[in-house]
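Reviewing the structure listed below.
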Amino acid sequence: MSIPNCKHIVEDLAAKFPQEWWSAHRPSGGGPETEAFIRRLAWVLHSTVDPRFGLVGKRGNPDDISDDAICFDGFSALGDVDPTRGNVPVTVLDVIGGAGGPNPTPQWGPAGPATPRPHAAWVKPVPVGDSSSGGGGTPLPAPPPTPPAPDLSAITKRLDALLTAISEIKAELAVVRASVDAAHSEASTAAHESTQAAIRASDIKKQIANLPASSAPTFPPYEGSFFGRRVRLEPK
């Protein structure tokens with residue numbers, strides 16, 4: 001008797017339900033998460049391929065479900081028997097290579113026999129989701145569509161306009177600075193000239209104070225700059 005090779009179904013379900021596949025036998029010891037994939041696979045094989053496919057009760061214990069193997073009833077490839085049903089022949093098929101490790105891979109082939117006694121219980125699987133869709137449940141959702149690339153031309157134009165405006169502002173600031181520098185220079189010149197005029201006036205005042213009362217003072221004309229203008233003062 002030959003057992004159908006269903007490795008392609010293992011590969012298909014592993015691709016459709018990656019989280020269940022990754023969690024199989026992780027950690028070892030069984031449970032809802034670690035058994036989810038093997039229970040799904042067993043139901044698909046049992047309901048769509050051959051009803052002799054079922055779950056494996058490890059070492060003949062139907063309450064200790066294998067996380068990475070399937071049981072085929074009525075034929076023993078390596079000598080396993082089911083002690084819960086009068087030692088009928090069964091074959092244990094390993095379907096996950098490296099289960100619980102970093103890189104599990106789909107596989108299909110007899111495993112065993114169990115030691116120290118070649119016992120494996122055949123356990124009838126229960127329905128899991130909609131078997132007509134290749135295992136039921138909720139398949140891995142399709143990835144969201146890739147959003148279109150943004151149109152950067154409008155942003156580039158706005159940046160160019162901003163750079164132009166900045167250049168114009170810099171030019172205007174340069175003009176203002178030149179005007180401020182010129183005004184500062186004129187103010188400095190006017191301050192210097194006013195200081196010189198004050199010194200000249202003080203000298204004239206001292207000369208007048210030192211003259212005799214009967215003397216008639218004579219003064220030469222004064223020429224100079226006052227706040228940027230040339231002036232001439234003549235005594236009368």
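Filtered by the rule that a residue be touching a strand residue (DSSP E or B) at 6+ places or on another chain (Cβ under 6 Å) and small (G, A, S), region 155-204 gives a lone residue, A197. Quick check on my filter: what residues within region 48-80 are more than 12 Å from I3 (Cβ to Cβ), over 48 Å from the mean Cα position of the chain (by Cα) and buried (at least 16 other Cβ atoms within 10 Å of the Cβ)? G60, D80 - these are the residues of region 48-80 that are more than 12 Å from I3 (Cβ to Cβ), over 48 Å from the mean Cα position of the chain (by Cα) and buried (at least 16 other Cβ atoms within 10 Å of the Cβ).
Every condition in (1) touching a residue at least 40 places away in the same chain (Cβ under 8 Å); (2) surrounded by fewer than 16 Cβ atoms within 10 Å (Cβ to Cβ); (3) outside any helix (DSSP H, G or I) holds for T91 except the one numbered (2). Kindly indicate the residue of region 3-33 that is over 30 Å from the mean Cα position of the chain (by Cα) and at pLDDT below 85 and also nearest to V128 (Cα to Cα) among those meeting that condition. The residue in question is P32.
Is there any pair with a first residue in region 94-108 that is in a strand (DSSP E or B) and a second that is crowded, with 17+ Cβ neighbours inside 10 Å and among the polar types (S, T, N, Q) whose Cβ atoms are under 8 Å apart and which are 6 or more apart or on different chains, and what are they? Here the result reads D94/Q107; V95/Q107; I96/Q107; G97/Q107, each pair linking region 94-108 to a residue that is crowded, with 17+ Cβ neighbours inside 10 Å and among the polar types (S, T, N, Q).
Selection of region 45-57 for residues being out of contact with any Phe, Trp or Tyr (no Cβ under 8 Å at 6 or more places or on another chain) and under 12 Å from V126 (Cβ atoms) yields only S47.
The values are calculated or read from the model by the stated rules, or taken from the named source; none is laboratory data. Everything numeric in this text was worked out from a predicted model, so none of it was measured. So basically every Cβ, Gly included, is an ideal-geometry build from the backbone, and we count neighbours across all protein chains shown.
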